[in-house]
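The values are calculated or read from the model by the stated rules, or taken from the named source; none is laboratory data. Because the structure is a prediction, the values reported are computed rather than measured. Counting neighbours? That spans all protein chains shown, and the Cβs are built from the backbone with ideal geometry, glycine included. Keep in mind that these areas ignore ligands, DNA and RNA; they rest on the heavy atoms of the full protein, side chains included. Shrake-Rupley method; radii C 1.70, N 1.55, O 1.52, S 1.80 Å.
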Amino acid sequence: SHMAALHAVASGDDAAAAAATTSSPAGSRKVRGRRAREEVEAVVQEAVRGVVGSSVSPDAPLMSSGLDSLGAVELRNALEGRLGVQLPSTLVFDYPTPAAVSEFIAAQLGAGSET
């Protein structure tokens with residue numbers, strides 16, 4: 001891609017030069033996004049463990065894994081505190097598994113960082 005950028009610059013094609021040189025940062029943004037997602041998943045799992053008292057499979061329904069309505073509030077509060085993001089009171093009802101909660105939070109954090 002560096003050769004494409006050099007060729008585009010040499011030929012005076014500004015749009016092609018910009019396209020060729022911006023492809024790398026976009027790729028590294030995806031890597032950062034994936035890393036952020038993994039960090040969110042780790043925080044969610046840790047918070048779930050703290051509230052439920054044991055690990056819960058990412059695809060297991062939280063309410064069937066020992067989380068009650070008080071625990072749902074505790075989990076939401078713990079995640080808000082650790083991640084600095086506002087979450088709905090219906091979090092575990094709208095996103096019933098740790099994976100769904102992680103995906104929702106990662107999307108919220110991603111949306112917040114782009115503005």
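Here the helices (runs of 4 or more DSSP H) wholly within the stretch 57-115 that include at least 3 residues being farther than 20 Å from Arg35 by Cβ and under 19 Å from the mean Cα position of the chain (by Cα) are 69-83, 91-94. Cβ-Cβ contacts under 6 Å between residues 6 or more apart (or on different chains), taken from a first residue in the stretch 60-77 that is of a type in the set (Phe, Trp, Tyr) to a second residue that is assigned to a loop (DSSP other than H, G, I, E, B), are absent. Against the definition (modelled with pLDDT under 95 and surrounded by 14 or more Cβ atoms within 10 Å (Cβ to Cβ)), how does Ala72 come out, yes or no? When the stated conditions are applied, Ala72 does not pass them. The lone criterion from (1) at pLDDT 95 or above; (2) open to solvent by less than 90 Å² (accessible area, probe 1.4 Å); (3) over 22 Å from the mean Cα position of the chain (by Cα) left unmet by Ala20 is number (1).
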